1. For Glu249 paired with Glu16, estimate the spin-label separation in nm (one decimal), with each label point 7 Å from Cα along the Cα-to-Cβ line.
2. For Arg78 and Thr201, what does the FRET efficiency come to when R0 = 41 Å and r is the distance between their Cβ atoms, rounded to the nearest 0.05?
3. Can you give the convex hull volume of the alpha carbon atoms of the range 129-209 per residue, in Å³?
4. Using θ = phi - 60° and the Karplus curve 6.51 cos²θ - 1.76 cosθ + 1.60, what whole-Hz ³J(HN,Hα) does each residue of the range 82-93 get, with Gly and Pro shown as x?
Amino acid sequence: MRDFRDAKTMAKTLREALHAKSFTLTNSESQELIARILGYRDWNVLAARIQAVQLPATSVQPNTPPSVGEHIPVVPMRDMVLFPHMISRIFVARDKTRQAVEHALVGDRRVVVVAQRRGADDRPSTIDAFYPVGVIANVVDRQTQVDGALKVTVCGLQRIGIVRLTDGEFLGAEVAPIKEQGSQSRKAAALSSAVLDAYQTYAEVDFSALPSGSKARFSLPSIGDPSLLADTVAPLLSASVEEKQQLLETGDVVTRLERLIELMSAGRPKEVA
């Protein structure tokens, strides 16, 4: 049975079938249609998902703890918070960050993705320039742009605390894993249902009106894993970097779910006309 990993083949089959009926689609149009059929926002998101499951054998598994004293290349983020399980494409223009990505690619592909406290800081290099919690992520791929910048796809793996930084050819970080609490509690399970209900109101969607199994189109996993649910909903909110960072720093899953409900209950920020 085909799944999202067969998307390119499915797009080609669709294009050929429609062509036989004198209906022409470009390659790009067929890919966009398949992405939507499979429940993804667009082809770029689906392509990143496919790349994430095709990571090389050298990639680190999500639960592999960092070694004591190990320094991992750092990718600072000006205005984004990466969560575990989150796949994102980011643009890297700063020289040290490019060096960090290239170093990761010739090694185990791991980087530390962490938000800067001040987005305007072009050369963050001290520990107080960053928030204390980030994530270890895998570099799925990178593409060099015409201007020399890199377009990098990263996949978040696990929460970590920044212990110390080293500043050299690139910025490196010694990190410590952050243990989660309460993910298997009854309260977390109950709050998971409440989070899904709150998200329906927040995003103005009705899960009950969708075909069975189509919740995936909103990137929401099964509520059987409260931590995964929380970390999947969090990036979907129109919240500030500070608010999302607070969610990332919350190791207690029950507290994180409660905070998500509070943020969604406040509603989306009103757009200024």
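Since every read-out is calculated from the coordinates, none of them should be taken as a lab result. This one's a predicted model, so the numbers in the text were calculated from it and none came from an experiment. For neighbour counting, all protein chains shown are included, and Cβ atoms are generated from backbone atoms with ideal geometry for every residue, glycine included.
1. 5.5 nm
2. 0.85
3. Here the figure is 205 Å³ per residue.
4. 8, 10, x, 6, 8, 10, 9, 9, 10, 9, 10, 10
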